[in-house]
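Presented below is the structure to which this report refers.
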Amino acid sequence: MTNKKKGNAFTNNPIVRAIGVQKIVVVLVLILLLVFFSVKSSSFWTYASLLSIMDYTYYLAFLGIGVTFCLITGGVDLSIGTGMFCYALAGGYLITKLDMPVIVGILVTMGMGILVGLVNGLIVSKGGHAPFLATLCTMMIVRGLGAIITGGSSITWPIAGTPEGWTRNLFKFTLPSGTKIPLGFLWVLIAAVVMSIILNKTRPGRYIIAIGSNKEATRLSGINVAKYQTLAYLICGFFTGLAALAYSSAFQSMTPGGGGGVELNAIGGAIIGGTSMSGGSGTIAGTILGVFIMSILQTGLPKVGLQANYQQIIIGVVLLVAVYIDVLKNKKLS
Amino acid sequence: MDKIKENAFVKKIGFNSLVLFCILILLYILFAVLVPVVNSDANANFVTWAHILSAMNYACFMGFLSLGVTFVIATGGIDFSIGPVMFCAALIAGYQLTTNGWPLALCLILCILVGTAFGVLNGLLVTYLGLPSFITSMASMMIAKGLGSVFTKTQPVSWPQLSDASGNGWYRNLVRMQVGGMTVPTGLVLLVIGAVICAIILNKTKAGRYILCIGSNREAVRLSGVNTKGWETLAYILCGTLAGIAAIFYVGVYTTVQPGLGDTFNNEAIAGCVMGGTSMTGGVASIGGTLIGVLIMALLQEGIMTMGLQINYQYIITGLIVLVVVYADLRSRRRRN
Amino acid sequence: MGDVILTMKGIDKSFPGVHALDHVDLEVRRGEVHALMGENGAGKSTLMKVLTGIYSKDEGTITFEGKEVEFTNPREAQDAGIVIVHQELNMLGHLTVAQNIFIGREFMKGKFIDDRKMNEEARKLFDQLGIDIDPTETMSRLTVGKQQMCEIAKAISHDAKVIIFDEPSAALTEAEIEELFKIIRDLRERQLGIVYISHRMDEIKVITDRVTVMRDGGYVGTLITKDCTKEDIINMMVGRVIYEDPKTESQVAKDAPVVLKVEHLNAGRMVQDVSFELHKGEILGFSGLMGAGRTETMRALFGADPKQSGDIYINGEKVDIKTPKDAVSHGIGYLSEDRKRFGIIVDKTVAENSTMASLDEYMKGLFIDKKKEKEVAQKYVDILKTKTPGVDQLVVNLSGGNQQKVVIAKWLVRNCDILIFDEPTRGIDVGAKSEIYHLMNELVAEGKSIIMVSSEMTEILRMSDRIVIMCEGRKTGELGIEEATQERIMHAATLRN
Amino acid sequence: GGGGDTTTTDTTTDAAETEETTDAAETEETADAEATTDNSGLHLEIVSKGLQHAYWQAVLNGVNSKAEELGVSVNFVGPDSESNIQQQVQQLETALNADPSAIGLAALDTNSVMDLLQTAVDSGIPIVGFDSGVPGAPEGAIVANCSTDNLAAGGLAADEVYALISDRIANAEGTVRIGVVAQDATSESVVNRGLGFIQEMASLVADSGKTVGMASVSNERYVTDSGVEVNDEADVVIEVRVPASVTSELSAADASAILEQEDTIAIYGSNEHSANGIITANENLNKCGTGEGQVVAAGFDSGASIMNAVRSGVFAGAVTQAPVAMGEYLVETLVAAANGETVEDIDTGCQWYTAENMDDPEIAQNLYE
Ligand SMILES: Nc1ncnc2c1ncn2[C@@H]1O[C@H](COP(=O)(O)OP(=O)(O)OP(=O)(O)O)[C@@H](O)[C@H]1O
Ligand SMILES: Nc1ncnc2c1ncn2[C@@H]1O[C@H](COP(=O)(O)OP(=O)(O)OP(=O)(O)O)[C@@H](O)[C@H]1O
Ligand SMILES: [Mg+2]
Ligand SMILES: [Mg+2]
């Protein structure tokens, strides 16, 4: 009983409430992970190591930010992982195989992301398909599309040092001295702040939350539900396009048919960060934190000498625990 | 149109399944016509027994996967782990067979049991802990992949050939059998038998009745004094078991399984099931539809390969067919209300 | 009372299987509070939803401020000045109070939502209304009553000319109702037209100026409140309907054995130390205001929700009921108040629904004996006079009353001795209603025992042999039918501590 | 089945040793002679391991140009990933159903196509293996192989790398580490390139009188099949890493994990994918190069980024196969086999290229972006 009261005192603390219990827990877990990895691996706390964690974080963070919007409406977008590869393949194909200007490749990458996002949104909001099924179908479609565009060949975006290689500096800027600046972190930060503002301070964001909270009530308030639902998927598509750029900047090459499973890391990150699977609540800051956990696990586990197969099991279990916390939280609410 | 729908025979089979069946036939005709035109090889011919046999390779294991996931989707849930679970089962059982020399029969049973175990895991997590089936099965997918790799030390496992000296190869007859110079697609026969059994379970037994009703209105079923958690878990167990069976049919054709893979099969199995008229929101399921859905996908794959096209067209077309079929279903249901 | 601001004429609306509105008229003037009355399912809410553009009408005209209007969505109605406080709460649980109030018309500072201004405005609004709610609180953390007040505040915050209150008082405490009336009087002063829907006769007399009565989707008439008596209104509401003869004395033999005994039942906040007995052949009425905890009591008793403590005896034997399965195996059947959510399985057939609770008896080996299943379903279709083309019909295609009969059939097939009927006639048309009453009397005559939870006073008084009254999760009274009057029940139902 | 595979590849090596490249030239001549005869009715089916890597695109180019030259029709297919056995089996079966004159096959897995090989033999369709061929295929099922000897190719990389690090090994105080990044532990060709490297490296080190062992975190298949004992305390420790799935970011993570260790002196990526992973990891770490204290890195295959890495000195060098030539030889051999001639194995060969020699015409012809 006393324990319970203590818990309440903790959870009712205004500062705690402002930040959110889950986010505090996530930060603690994050710190724990960092401590664990730095103890177990001598090379964890190096600048280079930081750079490589960042490489993982960029694209996951973008995907996470995007899919958070879908999750908040009570939907989901399963096509983001495969889509990210597909758009990067298409853009890279134009640049490297058809010798088009880099900017065209970037625009096509982003454009495809936005377009597929729009299609997802329309299928869900106007077509009335379950988000899950709709995006499963687009996932299959973009998977095939990426391979067909490139003729089944893998694509390597222009490499650093070549005239077209400037895209790589977008996320990791190389100073003349050779020092690399994780510039992408800045973009992620800006995106997170901007999207946080959009989510919390603008009408579209407000209505996206409202839809996830109670779709019918939102409709009765005279809000065009279909429009804002579509917008959520559109935002998700836009960020998938950004993620495709971040991915090709960090890892250059991608194979057609790949990317399946990346959406799990992004969705997992969002859920760890406190976004609810049932919609209505979620924060961008939480998603960024959750995504950090995912990318630290992904980069840290190989460093502590764990075989790849165990890594998957661990990440799977982490995901289950995160969802269970979400379920418990919802139970308490109702 | 309505007249056709009211016809007793059509009603029994289900209008949607009938439409789907027509799509299947049309697709076959389409490929029969297109293949000679498109293919660079002059004597390309799609209308052969060999092509049908070849399509059955895929249809068999995919069919069992799809049948299994139909039960889960009927409860309103989803299972994203079936593909990797199938591989995990084939890896573990195959490893015991080839490395540890377990008898074949035991390994086949083990194969099914591994599938069942994952079914139990998913079912318990979903029903007793109340986790969303989507994330749960995604997580168990990762676990299945990891487990398969750990168990086999990341090596592929090759199940024995038909002519294997150990005499362990007979399981391959489950898919195809040579009978007097003629190749018989035993796998198709077994798949149909499996589908009939599944249809009976779904439509004629208590389990099926409860599974469907849980998908429609879980709370109403619970308040009727039914142990909903138990029956819902059973749906996941059936799904896992069928994934285990699918594993036997997979190795029956392809013999070799690699660790860390299998997730692409999830989408195809779910697509086949949904194409067949099973509703993602639960409560409505058609085993016959699932079977036809899988056959359509098998035909697509075979036809597209024969035309010399990239296999990727299959994904695109499957995705589109599912969207269209489900949309048509949504529309007709909306109009009825 | 000023001039006419709103006229609805000849409004007709059908849902599949239900003729919800049959050429209904309504006239509202500025500066009046106009009561809209009628039994459950009479069509009041539907009429208001037609007015505010949530439903489209099939026929009829709506004239607002002298112009004919046709709203296609609630937003248009709002913009024109007609707002509604819905019967069911329409809140966005994840947003704050202020965000809820201003949803769809946020204050903006450039491109951004000005939450601070919204909080200020909401606070002003609450001050003006004399309500004590923090605008920055998350909606789902408020009590039901406070949520309702927010809904009202939201309606008022629109620059409305006509405000519709659809049963606003149902979830409010006495004090809150007082506050509400103060607000309504204030609005009347400001020459707004107000439509007030309520089942509580006393409120009608206190607050309204005119009353329009509806019955079975039709218009009955309009009265001036101060010129008529309660009885006049009731007569108009009930009209020609022949209910079962009201009970004046208990039909239960003095020595009838106790079939169910509940002692010190505790379950959550809404069930506190409830004890009662049910005799063989008895209809035990459970009365109380909405939110009194009757449903929770029944659900806990039935094992649908967990209970903290309490003993249950069936035929003198102590039983352990943890799940509905346990309850059913002890011969208890439960007819839920929310038929669609907890009762029927809409997209399954009548036969499948009928045997849902007793499938074990309709098995032939491993398989369901569909022939036997259909036979028994048909038998109860005949007995209950369920209107359905056949037992293969999907339940979704039946009307409310017939759906209810299917649920009853489910428990009769199971041969339950103890039946809990929670709001058995909610949303059912009048004819079906009297059939269900008739049926309940037959059942107890056959020796079954019934607990009937009902919010309708008349229903309680006509059907029960004994009445248990609850308030705020406690049992606050128990009356034999001989001694029960509306006043005594109401007294117990408002006995707060 | 590591032992079995080794024997098969041994025979190929023998063939290559005895016949050298002159054989290839001869085949070319015969094929040319044949071109004047009628090939127009011939239809060839080629089932590759996929089309993802630039390597395969180069093979395809070779196939197409030769097919055009000879006037035969070719259908070149491959699964959508190098691990999708199911699709490849379907593709091979479909190819058989098309009743072609001959089939070219780069099997992902021999076991899974065993029945189909038999069917081909029964229906008289000759099969020619290419790339890594069809290791362990039953006698007579494959009429010839146009393939790279992957064990030898891996060994070549080891020889070249060892030459650059032998001093460092000799002078080392404690343990030094040599990393191997492999795409997977399942594909025969990838595994053999890894094993070839490990075994050659191990024997070179052992010859120099130092002890050698595998790191305990290494992938188990490589440990078992290489026959090198696990020993984290040996003078030279070889560490083999395989990511959970074939994606660039996971390969890069593995490469980082190797490069970040203080005692790492060399790293080898056994195909284009893995080599790319090393390049990506090195962009953050800046450790690779041939200078003092840098990590000697070697790759496999070409492609834009690897070639760039070699040219800029990040990679000491890389092994390239001759994919274009392989494609051409394949078509020639297939045509010959279809016409009922006896055909022989061809080792299409491999070369070590560095910043210095990569512009030599002999090597440049085998480099592709
Ligand atoms: N969306 C709908 N679809 C079908 N039938 C409906 C729908 N809405 C209402 N009805 C039916 O229309 C009739 C009138 O319902 P309505 O809700 O207007 O009654 P009411 O007078 O407000 O009753 P209450 O006092 O219980 O709120 C009922 O029989 C109801 O079942
Ligand atoms: N103070 C409160 N805070 C939160 N929820 C409340 C509160 N009071 C009542 N409720 C909710 O209101 C609902 C009405 O309670 P319940 O159904 O038990 O009452 P009832 O007596 O059966 O009345 P009715 O059946 O007429 O609604 C319950 O679901 C309960 O959770
Ligand atoms: Mg109403
Ligand atoms: Mg109630």
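Throughout, read-outs are computed from the coordinates displayed, never taken from laboratory work. Quantities reported herein were computed from a predicted structural model and do not represent experimental measurements. Note: ideal-geometry Cβ built from the backbone for every residue, glycine included; neighbour counts use all protein chains shown.
Mean 1/r over all different Cα pairs, inverted: what Kirkwood radius does chain D give, in Å?
One over the average 1/r among Cα pairs gives 20.8 Å for chain D.
Please list the equivalent ellipsoid semi-axes of region C:258-493, computed as the square roots of five times the alpha-carbon gyration tensor eigenvalues, in descending order and whole angstrom.
The equivalent ellipsoid of region C:258-493 has semi-axes of 30, 20, 15 Å.
At 1.567 mPa s and 4 °C, plugging the Kirkwood radius over alpha-carbon pairs of region D:101-170 into Stokes-Einstein gives what diffusion coefficient in µm²/s?
For the chosen part, D equals 93 µm²/s.
Three principal axis extents, largest first, for the C-alpha atoms of region C:4-238, in Å?
Between the extreme Cα coordinates on each principal axis of region C:4-238 lie 50, 36, 33 Å.
Just to confirm the number: angle between the C-alpha axis of helix D:2-19 and the first principal axis of chain D, 0 to 90 degrees, nearest 10?
The two axes meet at around 70 degrees.
Set the bar at 21 Å for Cα to Cα. Now go through C:348/C:379; B:204/C:348; A:331/B:145 and name every pair that lies beyond it.
Violating the 21 Å Cα-Cα cut-off are A:331/B:145.
Which value results when the Cα radius of gyration for chain C is divided by 2.2 N^0.38 Å?
Ratio of Rg to 2.2 N^0.38 Å for chain C: 1.04.
Averaging sequence separations of C-alpha pairs under 8 Å and six or more residues apart, then dividing by the length of region C:337-472, give the relative contact order as a whole percent.
About 25 percent, as a whole number.
Once you keep just the Cα pairs under 8 angstrom separated by 6 or more residues, what percentage relative contact order results for region C:226-319?
Here the relative contact order equals 30 percent.
What's the magnitude of the charge dipole for chain A around its Cα centre, counting Lys and Arg as +1 and Asp and Glu as -1 at the beta-carbon? Answer in Debye, nearest 20.
Using Cβ point charges on Lys, Arg, Asp and Glu, chain A gives about 1140 debye.
Considering the Cα trace of region C:91-197, what is its radius of gyration and what is Dmax, both in angstroms?
Radius of gyration, then largest Cα-Cα span, for region C:91-197: 13.7, 43 Å.
How many percent of all Cα-Cα pairs in region D:244-369 sit more than 26 Å apart?
Value for region D:244-369 (Cα pairs over 26 Å): 32 percent.
Using the 2.2 N^0.38 Å rule of thumb for compact globular proteins, work out how region A:235-293 stacks up: its C-alpha Rg over that value, please.
That works out to 1.23 for region A:235-293.
If one takes the longest principal axis of the Cα atoms in chain D, at what angle in degrees, from 0 to 90 and to the nearest 10, does the Cα axis of helix D:188-207 lie?
The angle comes out at about 40 degrees.
Write down the radius of gyration of region A:61-258 and its Dmax, each obtained from C-alpha positions, in Å.
In Å, with Rg to one decimal and Dmax whole: 17.7, 60.
Short version: ³J(HN,Hα) in whole Hz for each residue of region C:300-314, in order, from phi by Karplus 6.51 cos²θ - 1.76 cosθ + 1.60 (θ = phi - 60°), x for Gly and Pro, what are they?
Once rounded to whole Hz, the list reads 5, 4, 7, x, 6, 10, x, 10, 7, 7, x, 10, 10, 10, 10.
Can you give me the pair-distance distribution of region C:1-84, C-alpha pairs, 10 Å bins, whole percents?
Each 10 Å bin holds this share of Cα pairs: 18, 53, 28, 2.
Could you pull out every one of the lysines with an alpha carbon less than 16 Å from that of residue C:475, ignoring same-chain neighbours closer than 8 positions?
Cα-Cα hits under 16 Å: C:261.
Given the convex hull of the Cα atoms of region A:7-154, what is a quarter of its surface area in nm²?
Taking a quarter of the hull surface, the average projection is 13.4 nm².
Distance check, please: which entries in B:206/C:387; C:325/C:448; C:13/C:44; B:229/C:372; C:57/C:387 exceed 18 angstrom between their Cα atoms?
B:206/C:387; C:325/C:448; B:229/C:372; C:57/C:387
When each pair of different Cα atoms in chain A is counted once in the 1/r mean, what is the Kirkwood radius in angstroms, to one decimal?
Here the Kirkwood hydrodynamic radius works out to 20.5 Å.
Return the subset of C:364/C:410; C:111/C:161; C:9/C:433 for which the Cα-Cα distance in this structure is over 26 Å, preserving the input order.
Among C:364/C:410; C:111/C:161; C:9/C:433, the Cα-Cα distance tops 26 Å for C:111/C:161; C:9/C:433.
Got a sec to turn the phi values of region A:22-36 into Karplus ³J(HN,Hα) couplings, 6.51 cos²θ - 1.76 cosθ + 1.60 with θ = phi - 60°, whole Hz, x for Gly and Pro?
Working through the residues one at a time gives 4, 5, 5, 4, 4, 4, 4, 4, 4, 4, 4, 4, 4, 4, 4 Hz.
Normalised radius of gyration for the protein assembly as shown, please: alpha carbon Rg relative to 2.2 N^0.38 Å, two decimal places.
Against the empirical 2.2 N^0.38 Å value, I get 1.04 for the protein assembly as shown.
Return the equivalent ellipsoid semi-axes of region A:252-334 as a descending list in whole Å, where each equals the square root of 5 times an eigenvalue of the C-alpha gyration tensor.
25, 15, 12
Could you work out the mean count of beta carbons from other protein chains within 10 Å of each residue's beta carbon in D:75-85?
6
Explain nothing, just compute: Karplus ³J(HN,Hα) = 6.51 cos²θ - 1.76 cosθ + 1.60, θ = phi - 60°, for every residue of region A:66-72 in order, whole Hz, x for Gly and Pro.
Per residue, the Karplus-derived 3J(HN,Hα) values read x, 6, 4, 4, 5, 4, 5 Hz.
Just how many % of Cα pairs in chain B lie over 38 Å apart, if you round to the nearest whole percent?
16 percent
Pairs of alpha-carbon atoms within less than 8 angstrom and 6+ residues apart define the contacts here; what relative contact order does region D:168-237 have, in percent?
38 percent
If you only keep lysine pairs separated by 8 or more in sequence, or across chains, how many in region A:61-258 come under 16 Å at the Cα atoms?
For region A:61-258, qualifying lysine pairs total 4.
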